[in-house]
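A.B. asks: Below you will find the structure I want to go over with you.
The values are calculated or read from the model by the stated rules, or taken from the named source; none is laboratory data. Just so we're clear, the structure is a prediction, and the values are computed from it rather than from any experiment. Positions of Cβ are backbone-derived with ideal geometry, glycine not excepted, and every protein chain shown enters the neighbour counts. These area figures cover heavy atoms from the full protein model, side chains too; ligands, DNA and RNA do not enter into them. Shrake-Rupley method; radii C 1.70, N 1.55, O 1.52, S 1.80 Å.
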Amino acid sequence: MSMSINFFSFFFQKNPCYTSTFTFDNDFPALLESSPEPYLSNQDPLFQMTGAQGKCKVICFHPTSNITIPLMSLSEILAIIDTWIIETIELGKIYNWIQIFENKGSIMGCSNPHPHCQIWASNFLPNEAKTKNDFQKQYYLEYGRPLLMDYVEREIIKQERLVLENKNWIVVVPWWGVWPYETMILPKRHIQRFNDLNENEKISLVDVIKRLTTKYDNLFQTSFPYSMGWHGAPTGKYLIESTDHWLFHGLYYPPLLRSSSIKKFNVGYEMLAQVQRDLTPEKAAEKLRQLPEIHYSFEKK
């Protein structure tokens with residue numbers, strides 16, 4: 001019995017009591033700081049392998065297990081942003097890509113309802129990051145401006161896909177969006193990484209995150225599930241290179257379509273040929289724009 005207890009205590013550490021955010025190493029990391037390079041017996045062009053190193057961490061947003069971001073205070077959300085920035089700086093000294101992401105809700109595969117997110121830091125650019133890096137660089141070389149800065153200016157002029165806006169940020173349903181109520185958070189200033197935000201931009205980012213997630217919950221009067229994350233210029237070895245083509249931005253991918261229980265499925269033609277939208281980005285933006293910014297649970301009281 002004592003051997004079992006010692007084994008459990010060694011591999012599963014109990015978190016201390018905390019009053020704000022709390023960060024710890026993932027018990028079951030997908031990436032390891034030290035991993036062997038694969039042995040290649042031949043250079044087969046079809047089967048290419050290389051080693052992947054990294055670090056996986058978890059950030060608890062709040063000590064209360066049944067609270068989510070739209071129900072948090074502005075100061076509590078600001079603490080989350082400050083933690084994201086700290087982790088970006090520290091991990092970015094070593095790793096080339098820092099992926100912060102949150103899976104909210106069991107429908108998104110979240111196994112723990114406690115409000116939290118993850119960080120996967122890697123020594124390589126994942127597929128999505130590499131694609132964005134390449135296309136933004138191509139656009140910058142051709143037009144001399146960051147692609148997403150031009151996109152922000154056009155969306156502000158058009159207004160038709162704009163969900164909300166403040167002094168420093170806009171939230172839009174992107175022109176190319178796939179999920180019914182997919183949104184992007186974009187800065188009005190050329191910001192490349194999380195740690196480039198000034199104090200006013202951090203405070204106004206709190207504002208748009210709270211307003212957006214409240215609108216999401218109000219859409220079907222449920223704790224709205226999604227996967228979200230942040231993309232910014234690569235770090236690590238890229239810190240000494242020019243990354244002027246990058247614009248820092250946030251992404252929300254919610255699956256719900258018509259109600260709190262009916263989600264969009266990417267199947268059939270969408271898997272084999274091309275993804276289809278169930279409603280236009282303009283219609284989705286209009287519906288989100290018209291929703292109240294006071295959480296439905298408060299209005300019922």
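A.B. asks: Quick check: is even one residue across the stretch 72-90 part of a strand (DSSP E or B) and under 16 Å from the mean Cα position of the chain (by Cα)?
C.D. replies: In the first step, residues of the stretch 72-90 are kept if they are part of a strand (DSSP E or B); the result is none.
Taking every residue of the stretch 72-90 in turn, none turns out to be part of a strand (DSSP E or B) and under 16 Å from the mean Cα position of the chain (by Cα).
A.B. asks: Which of the residues that make up the stretch 91-106 are surrounded by 16 or more Cβ atoms within 10 Å (Cβ to Cβ) and part of a helix (DSSP H, G or I)?
C.D. replies: LEU91, GLY92
Condition check ((1) at pLDDT below 85; (2) among the hydroxyl-bearing types (Ser, Thr, Tyr)) across all residues:
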residue: PHE22; (1), (2): no, no
residue: PHE28; (1), (2): no, no
residue: SER34; (1), (2): no, yes
residue: TYR39; (1), (2): yes, yes
residue: PRO45; (1), (2): yes, no
residue: GLN53; (1), (2): no, no
residue: PHE61; (1), (2): no, no
residue: ASN66; (1), (2): no, no
residue: MET72; (1), (2): no, no
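A.B. asks: If a residue must be of a type in the set (Val, Ile, Thr), surrounded by 14 or more Cβ atoms within 10 Å (Cβ to Cβ) and either within 24 Å of SER242 (Cβ to Cβ) or out of contact with any Lys or Arg (no Cβ under 9 Å at 6 or more places or on another chain) (or both), how many such residues does the stretch 137-159 contain?
C.D. replies: Going through the stretch 137-159 one residue at a time, the tally reaches 1.
A.B. asks: Inside the stretch 145-182, can you point out the residues that are in a loop (DSSP other than H, G, I, E, B), of a type in the set (A, V, I, L, M, F, W, C) and in contact (Cβ under 8 Å) with a residue 60 or more places away in the chain? It would help to see each step written out before you state the result.
C.D. replies: Residues of the stretch 145-182 that are in a loop (DSSP other than H, G, I, E, B), as a first pass: 145-146, 159-161, 166-168, 173-182.
Checking which are of a type in the set (A, V, I, L, M, F, W, C) leaves us with 173, 175-176, 178-179.
Correct list: VAL173, TRP175, VAL178, TRP179.
A.B. asks: Of all residues in the stretch 80-118, which are within 25 Å of THR222 (Cα to Cα), without any contact (Cβ under 8 Å) to a residue 60 or more places away in the chain and of a type in the set (A, V, I, L, M)?
C.D. replies: Within the stretch 80-118, ILE80 is the sole residue that qualifies.
A.B. asks: Can you go through ILE191, ILE185, ILE209 and tell me which one is aliphatic (A, V, I, L, M) and in a loop (DSSP other than H, G, I, E, B)?
C.D. replies: Selected residue: ILE191, the only one of ILE191, ILE185, ILE209 that is aliphatic (A, V, I, L, M) and in a loop (DSSP other than H, G, I, E, B).
A.B. asks: Of the conditions (1) open to solvent by 70 Å² or more (accessible area, probe 1.4 Å); (2) without any contact (Cβ under 8 Å) to a residue 24 or more places away in the chain; (3) farther than 27 Å from GLU37 by Cβ; (4) not in a loop (DSSP other than H, G, I, E, B), LYS130 clears all except one; give me its number.
C.D. replies: For LYS130, the failing item is (3).
A.B. asks: Here is a further query. Output the residues belonging to the stretch 60-80 that are farther than 12 Å from THR19 by Cα, open to solvent by 20 Å² or more (accessible area, probe 1.4 Å) and in contact with a Ser or Thr (Cβ under 7 Å, 6 or more places away or on another chain).
C.D. replies: THR68
A.B. asks: Can you tell me which residue in the stretch 25-59 is farthest from GLU201 (Cα to Cα), limited to those that are touching a helix residue (DSSP H, G or I) at 6+ places or on another chain (Cβ under 8 Å), among the charged types (D, E, K, R) and open to solvent by less than 60 Å² (accessible area, probe 1.4 Å)?
C.D. replies: LYS55
For every residue, the table says whether it meets (1) free of Cβ contacts under 8 Å to residues at least 40 places away in the same chain; (2) within 28 Å of LEU91 (Cα to Cα).
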{"position": "SER227", "(1), (2)": "no, yes"}
{"position": "GLU241", "(1), (2)": "yes, yes"}
{"position": "LEU272", "(1), (2)": "yes, no"}
{"position": "THR280", "(1), (2)": "yes, no"}
{"position": "LEU291", "(1), (2)": "no, no"}
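A.B. asks: Right, LYS237: closer than 19 Å to TRP84 by Cα and part of a helix (DSSP H, G or I) or not?
C.D. replies: No, not satisfied.
A.B. asks: Another question, if that's okay. Looking only at the stretch 106-133, count how many residues are at pLDDT 80 or above and small (Gly, Ala, Ser).
C.D. replies: Total meeting the criteria: 3.
A.B. asks: Kindly provide the set of residues from the stretch 184-207 that are more than 13 Å from ILE85 (Cβ to Cβ) and charged (D, E, K, R), ordered by number.
C.D. replies: Result: LYS188, ARG189, ASP207.
A.B. asks: Here's a follow-up. What are the residues in the stretch 243-268 that are open to solvent by 10 Å² or more (accessible area, probe 1.4 Å), of a type outside the set (D, E, K, R) and either without any contact (Cβ under 8 Å) to a residue 24 or more places away in the chain or over 19 Å from GLU128 (Cα atoms) (or both), if any?
C.D. replies: Those that are open to solvent by 10 Å² or more (accessible area, probe 1.4 Å), of a type outside the set (D, E, K, R) and either without any contact (Cβ under 8 Å) to a residue 24 or more places away in the chain or over 19 Å from GLU128 (Cα atoms) (or both): LEU257, SER259, SER260, SER261, ILE262, PHE265, VAL267, GLY268.
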